[in-house]
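Novice: Submitted below is the structure of interest, expressed as structure tokens.
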Amino acid sequence: MRRFVVFGVLLLAWAQNVSAQELFSVFDTVHVDEVVSYGKLRKYQSGAKIESISASQFSLAQDGNLEQLLSRTLPVAFKTNAGGLATIRIRGSAPDHTSLNFGGININSLTLGHSNVSNVPVYLFDNVGVQFGSASSVNGSGSIGGAIHLGLQNNWTKGVKAEARIANGSFGEQLYGTKISLGNGKFESVTRAYYYTKTNNFPFLNPQKDFETQQIGIQDTQQNAAIENRGLLQEFNYRFATNEHFIFNVWIENDWHQVQQNMAVNYFNPQLQEVYDDEHIRIWTGYKNRKKPFKYEINGGYVFDNAVSNKNTSDTISTQRIIGEAFVEHDFLPNASYKAGAKATRIYPTVYAYSETLEHETRVDLYASYYHRFFNKLTATINLRQGFVTDFEVPFTPSLGVNYLALSKEKYVLKFSGNIARSYRVPTFNDRFWVPGGNPDLNPEKGMNCEIGSKWSYCTGNKSGNVKLNAFLMKVDDWILWKNGGSFWYAENVQKVESKGLELMTDWNYNMVKGWVVNWGLNLTYTVAERIESLNETNALNRQMEYVPKTSATAFFSASYKDLALVVDQSYSGEQFTDEENKNILDAYSLTNLAVSYNWKINTQHRIKINAMVNNLFDEDYQASWGYAMPGISYRLGLSYHFK
């Protein structure tokens, strides 16, 4: 913690010399990058907090997964072990409360309700956007706490571009990847493939007691926690005209890992092995016509998810989805537009523990959005969404948001924003249909999110920066838990949860003398997430929720000169409860990482990039999931070759 405070104080002290530029004054323009297939949804979400990962930070994370990227760049809580499993908790919500979106597909498991974000490779995507707070009115079920969007960029390649990537690191870590783009300016084929493996046999200090020597704290090595993932993402894009194109994308993924055992089992039963295998096929295709004043899209998708535990293929856990979506958008005034559409999904679950009467489920969503700009100062948006699910009642979810330009001067701009939104989550198939314990009469989880924010942007000469402050309040009713019924566990709506807090985000950029460029940022969040009502007898009422630190932070500093770059980043996570008892509490910890990269431009057609990274630079001994070991200091060396 001390290292983090010193780092932050030094950065803040240095920032007193910062200033900014006029370019921030273009408040009334809605910037929507039409060539991004998936990603930002800003226009109809005034007042919503949506953050994009910077290009430099995204580039450094190419060899890792989504959890590693977000935990190093945003103050977001994760429950994670040494690489095999990670779940996200935005603003104190549950893992089931964040949707993870690829095009029009929420890739969260329909049986479990969430995604293992350590299985999402950064290498396959071009950008990542994160929405904090309710996004159900735009994304549908499962976006109570927030939404993550995995983005692809259509570059309309002319000729051939190719990349080969290799990375090797500590504890048997290896990554091999390739990206190949072919096109003639109208047609484009982009192939992205990767293979990742890690033995994960890292040393650690095991707090177990040696009964022969009576010593507490034993040097141990993690056993049976290997990871092997591979994936292919194929894009076919055709551009009829500047604002009219067709996309067809296929993402095939196979994720295998040995289930990491806790430290006690690792020491007393080191031979124990459990394996988990995930298979996914995700297809998203669509025709997009963005010509004014009427714009429309027609999209479709197919998803196949299959999970196998301990090679037991007879206990089938798989689902298939067929998705159709269409919408129209009309700019009927220079300062006003609306959007209306519908989305339908047919789901076919095949799960050994479900009732045989469950053959399929149909979900339909109708939605409408309205955008209006007033006097070049105020923008307001309204979103309305009504879902329909087979034999299930879904609540109506509206949202209202505003952005207001308070000041616009030569050197700085001050904006205020506000948003209020309802949200919901349809219980998972396991919650409703698992035999025994599933309850088809469960209510949907219902949320209400309110937030206000401000953004101060400053720019002058060679210096620029932003300071963003947000305050939020989120309430969730009918939170679903599985209760111990004696002979079996069962699902029930048992509690109400309230989460509130503050988020501060800063980023500053300097173009220094003699070609040096310096960037730094500091993000802080304070979250109080508590059960305020519960049908269960619990010691955790009016106490912080499990695996949600009250205080978390991230900071980064980068300096580059021509083709050479140095980056230091640090993350801090406060104390965390891990169960409903006031014990087994995770200590606060901070992690520091260092990276150096060199971009060698051989000529206009050939380029080689070399990067070296040291993770957990100070060899911090910590846990991110109670009882599970985490690796100490480690390295990764990467090399990529680019051909154009």
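Novice: Which of the residues spanning the range 370-406 are surrounded by fewer than 19 Cβ atoms within 10 Å (Cβ to Cβ) and among the charged types (D, E, K, R)?
Specialist: 377, 391, 393
Novice: With respect to residue 457, determine if the residue is crowded, with 18+ Cβ neighbours inside 10 Å, under 30 Å from residue 348 (Cβ atoms) and of a type in the set (Gly, Ala, Ser). Give the steps one after another, and end with the answer.
Specialist: Working: crowded, with 18+ Cβ neighbours inside 10 Å: yes; under 30 Å from residue 348 (Cβ atoms): no; of a type in the set (Gly, Ala, Ser): yes.
Judged against the criteria, residue 457 is not a match.
Novice: Further, regarding this structure: Could you check, for the range 608-618, whether at least one of its residues is assigned to a loop (DSSP other than H, G, I, E, B) and charged (D, E, K, R)?
Specialist: Here is the first cut: in the range 608-618, the ones assigned to a loop (DSSP other than H, G, I, E, B) are 616-618.
If we keep only those that are charged (D, E, K, R) as well, we get none.
Looking through the range 608-618, none of the residues is assigned to a loop (DSSP other than H, G, I, E, B) and charged (D, E, K, R).
To keep it simple, each residue is scored yes or no on (1) over 20 Å from residue 134 (Cβ atoms); (2) of a type in the set (A, V, I, L, M, F, W, C); (3) modelled with pLDDT of 95 or more; (4) in contact with a helix residue (DSSP H, G or I) (Cβ under 8 Å, 6 or more places away or on another chain).
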{"residue": "472", "(1), (2), (3), (4)": "no, yes, yes, yes"}
{"residue": "484", "(1), (2), (3), (4)": "yes, no, no, no"}
{"residue": "500", "(1), (2), (3), (4)": "no, no, yes, no"}
{"residue": "516", "(1), (2), (3), (4)": "yes, yes, no, no"}
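Novice: Moving to a separate point now. I'd like to verify a number: residues in the range 407-431 that are surrounded by fewer than 22 Cβ atoms within 10 Å (Cβ to Cβ) and closer than 14 Å to residue 47 by Cβ, how many?
Specialist: Qualifying residue count for the region: 5.
Novice: Which condition number does residue 580 fail, the rest of (1) at pLDDT 95 or above; (2) surrounded by 16 or more Cβ atoms within 10 Å (Cβ to Cβ) being met?
Specialist: The failed condition is (1).
Novice: Against the conditions (1) under 22 Å from the mean Cα position of the chain (by Cα); (2) surrounded by fewer than 21 Cβ atoms within 10 Å (Cβ to Cβ), where does residue 451 fall short? Just the number, please.
Specialist: That leaves (2) as the condition not met.
Novice: Select from the range 248-278 the residues that are touching a residue at least 60 places away in the same chain (Cβ under 8 Å) and over 27 Å from residue 64 (Cα atoms) and write down the one among them that is nearest to the chain's Cα centre (by Cα).
Specialist: It comes out as 264.
Novice: Might you check whether a residue that is over 17 Å from residue 615 (Cα atoms), buried (at least 23 other Cβ atoms within 10 Å of the Cβ) and hydrophobic (A, V, I, L, M, F, W, C) occurs anywhere in the range 40-53?
Specialist: Of all residues in the range 40-53, those over 17 Å from residue 615 (Cα atoms) come to 40-53.
Retained after the next criterion (residues that are buried (at least 23 other Cβ atoms within 10 Å of the Cβ)): 44-48.
Add one more test, that the residue is hydrophobic (A, V, I, L, M, F, W, C), and what stays is 48.
Checked against the condition, which is being over 17 Å from residue 615 (Cα atoms), buried (at least 23 other Cβ atoms within 10 Å of the Cβ) and hydrophobic (A, V, I, L, M, F, W, C), the range 40-53 yields at least one hit.
Novice: Another question, then. Residues that are closer than 23 Å to residue 383 by Cα and either out of contact with any helix residue (DSSP H, G or I) (no Cβ under 7 Å at 6 or more places or on another chain) or in contact (Cβ under 8 Å) with a residue 40 or more places away in the chain (or both): find the strands (runs of 3 or more DSSP E) completely inside the range 68-134 holding 3 or more of those.
Specialist: On the way: elements: 77-80, 86-89, 98-102, 127-132.
In the range 68-134, 98-102, 127-132 are the strands (runs of 3 or more DSSP E) which contain 3 or more residues that are closer than 23 Å to residue 383 by Cα and either out of contact with any helix residue (DSSP H, G or I) (no Cβ under 7 Å at 6 or more places or on another chain) or in contact (Cβ under 8 Å) with a residue 40 or more places away in the chain (or both).
Novice: Separate question: Which strands (runs of 3 or more DSSP E) sit wholly inside the range 364-465 and have at least 1 residues that are acidic (Asp, Glu) and either free of Cβ contacts under 8 Å to residues at least 60 places away in the same chain or within 30 Å of residue 495 (Cβ to Cβ) (or both)?
Specialist: Details: elements: 378-389, 396-408, 412-425, 445-460.
The strands (runs of 3 or more DSSP E) meeting that bar are 445-460.
Novice: Does residue 564 satisfy the criteria of being surrounded by fewer than 16 Cβ atoms within 10 Å (Cβ to Cβ), touching a strand residue (DSSP E or B) at 6+ places or on another chain (Cβ under 8 Å), closer than 22 Å to residue 617 by Cβ and not hydroxyl-bearing (Ser, Thr, Tyr)? Spell out how you get there, then give the answer.
Specialist: Numbers: surrounded by fewer than 16 Cβ atoms within 10 Å (Cβ to Cβ): yes; touching a strand residue (DSSP E or B) at 6+ places or on another chain (Cβ under 8 Å): yes; closer than 22 Å to residue 617 by Cβ: yes; not hydroxyl-bearing (Ser, Thr, Tyr): yes.
Yes, satisfied.
Novice: Any idea which of 560, 552, 499, 534 is closer than 21 Å to residue 80 by Cα and of a type in the set (Gly, Ala, Ser)?
Specialist: Working: 560 fails: closer than 21 Å to residue 80 by Cα; 499 fails: closer than 21 Å to residue 80 by Cα; 534 fails: closer than 21 Å to residue 80 by Cα.
When all the criteria are applied, what remains is 552.
Novice: From the set of residues in the range 252-279 that are under 15 Å from residue 109 (Cβ atoms) and touching a helix residue (DSSP H, G or I) at 6+ places or on another chain (Cβ under 9 Å), which is surrounded by the fewest Cβ atoms within 10 Å (Cβ to Cβ)?
Specialist: Restricting attention to the range 252-279, the residues satisfying the condition of being under 15 Å from residue 109 (Cβ atoms) are 253, 255, 276-279.
Right, trim to touching a helix residue (DSSP H, G or I) at 6+ places or on another chain (Cβ under 9 Å) and you get 253, 255, 278.
Numbers: 253: 21, 255: 22, 278: 18.
Here the residue is 278.
The values are calculated or read from the model by the stated rules, or taken from the named source; none is laboratory data. Not measured: the values here are computed from a predicted model. Note that each Cβ is placed from the backbone with ideal geometry, even for glycine, and that neighbours are counted across all protein chains shown.
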